Amino acid sequence: MKFILFLSLFVTSFICYADGVKEIHIERRDIGEILGKSVLPVNIDGKGYVSKEVWRSPKGIYCSVSLFEQNKKPDVGTFECKSTEGFKAQVSIDCAINKNSEMAVYLFFGRVNYEGENSNFYVWCE
């Protein structure tokens with residue numbers, strides 16, 4: 001019985017993923033409240049990647065998301081934030097794993113105790 005349940009979950013997830021990545025979702029949150037949301041369509045137009053800035057703080061911290069082709073599918077990438085002082089943080093995105101909000105990658109970046117200069121980011125593919 002457990003094997004059948006596992007097999008059905010595996011097949012369902014494979015079928016859902018077989019259609020390919022259509023969008024990248026980025027949410028800024030603070031204590032459960034959504035402060036901002038971006039949904040980017042994935043259009044790999046022969047370049048092999050898509051890259052887009054998704055947030056910029058009042059003093060210049062910016063965050064961007066990139067998705068790369070792997071095995072002719074746009075399914076791996078990065079989410080990164082950079083400060084004007086040259087600091088950077090980056091997390092990897094794997095669309096086979098990070099395929100819904102419950103499985104999102106997480107990154108906190110910013111200047112602590114500076115309002116508007118930090119945020120919690122959650123990123124996933126659909």
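Provide the per-residue ³J(HN,Hα) series for the stretch 57-65, in order, calculated from phi with Karplus coefficients 6.51, -1.76, 1.60 and θ = phi - 60°, each as a whole number of Hz, with x at glycine and proline positions.
Rounded to whole hertz, the list is 7, x, 9, x, 5, 9, 10, 9, 10.
Between residue 85 and residue 101, what is 0.36 nm times their sequence separation minus the Cα-Cα distance? Round to one decimal in nm. Working shown, then result.
On the way: separation 16, 0.36 × 16 = 5.76 nm, distance 3.11 nm.
Full extension of this stretch gives 2.6 nm more.
How much of the accessible area of the stretch 61-104, in percent, comes from carbon and sulfur atoms when a 1.4 Å probe is used? Working shown, then result.
On the way: 1200 of 2400 Å².
Exposed carbon and sulfur together represent 50 percent of the surface.
Residue 42's amide H: which non-local residues (gap 5+, or another chain) put their own amide H closer than 5 Å, with H modeled 1.01 Å from N in plane and none for Pro or chain starts?
Amide H to amide H, under 5 Å and 5 or more residues apart or across chains, residue 42 pairs with 23, 24.
Could you state the per residue volume, in Å³, of the convex hull enclosing the Cα atoms of the stretch 77-126? Could you put the intermediate results ahead of the total?
Working: hull volume 3.9 nm³, N = 50.
With only Cα atoms used, the stretch 77-126 gives 78 Å³ per residue.
The values are calculated or read from the model by the stated rules, or taken from the named source; none is laboratory data. All of these numbers come straight from a predicted model, not from anything done at the bench. The accessibility values were calculated without ligands, DNA or RNA, using every heavy atom of the protein model including side chains. Shrake-Rupley method; radii C 1.70, N 1.55, O 1.52, S 1.80 Å.
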